[in-house]
Structures are given as structure tokens and as C-alpha cells.
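Here the structure is laid out as C-alpha cells; the discussion comes afterwards.
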Amino acid sequence: MKRTWTIIGVKDVPGSFKWYQSLFGQPETSPGHDYFGQILDTDGTVLLCLHQWGAHEHPTLMSPDEAPPGNGLLLFFRVDDFDMGLKRARALVDQFEEEPHLNPNTQTMEFSVRDPDGYFVRSVRFLRTGEGGQKLRVPPSPRLRRDR
């Protein structure tokens, strides 16, 4: 597998589309449809797909009443303009879920906010080769160890 296309259910595709473009510092454009849009990186890579709740017969996108939006999902974006992204995020939300901090596992700066539908969105400073923190270094869970 080379890429994933994460699709989330939202109430208002054009509104969420604008919110994510603002968070990422992208020029404002319109989604392809009122019921579906793709947030794209400058090279055309799909960053996130937005799908209107109930627009089609997708079982997990029928209604936000089935489960809280984002239950079990963390939208994790590695960004190369972390400081500007932080300023943009402060203009978009009244309160952060997590203020900017250094993650001791990854050794990268990050912050977390909620999008208009309640999804947990984490922005993490993208580090290039030689800057450290490139690999996700999460301590192994004792339950997952196989040497017992």
C-alpha cells in the first residue's frame, strides 16, 4: 500500500472543506460536490476526504447518531509550517484540546484541536532527514511483547 484516503463523515462539506483549507494554509477552493470533497496537498496527494453524513449507502457514514464522530479516530497531520499552522489554528478554534508541546516519544512539537464535527485533529511538526524525531518512537506495550 502506498497511500490511504481517510474519509470522515461531516455535516457540512463546504464548511468543513473551508475549515481544513484554513488550518493547512491552502487557497480557498470549493469541494467537487456538496456531499464530497478532497483536501489535497500541493502535489495532488489526498490529505483527507470529507463525506456528507447519509449522502450514500456507506454503512459507517449514515449518521453521526450511530456513534460520536471520531470515536476511535485520530487525524494526525505532519506539517512543514507548524508555527504558521499554530497561528491559523488559534484563529479557527476557541480552545485547544492540547496546547503546543514536545511529545517525548517522537521528539516533535505538536498541538491538537477539534474540527467543526468534533474530530480530534493533531498537527505535528514535520522534520526532514537529519533533524531528528523522524521515526515514531513509541515504547512497546508489555501486552504485545512476544519474548515472554
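All of the numbers you see were taken from the coordinates with simple rules; none came from a lab. This one's a predicted model, so the numbers in the text were calculated from it and none came from an experiment. Here the Cβ positions follow ideal geometry from the backbone for every residue, glycine too, while neighbour counts run over all protein chains shown.
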Residues in the range 82-130 that are over 19 Å from Leu50 (Cα atoms), acidic (Asp, Glu) and touching a Lys or Arg at 6+ places or on another chain (Cβ under 7 Å): how many? 2
Without any contact (Cβ under 8 Å) to a residue 40 or more places away in the chain and in a helix (DSSP H, G or I), is that true of Lys18? yes
Subset tally (residues that are without any contact (Cβ under 8 Å) to a residue 12 or more places away in the chain and either in contact with a strand residue (DSSP E or B) (Cβ under 9 Å, 6 or more places away or on another chain) or part of a strand (DSSP E or B) (or both)) for the range 1-15: 1
Flagged in the range 67-93 as in contact (Cβ under 8 Å) with a residue 12 or more places away in the chain, farther than 13 Å from Leu23 by Cβ and not charged (D, E, K, R), in numbering order, are Pro68, Pro69, Gly70, Leu73, Leu74, Phe76
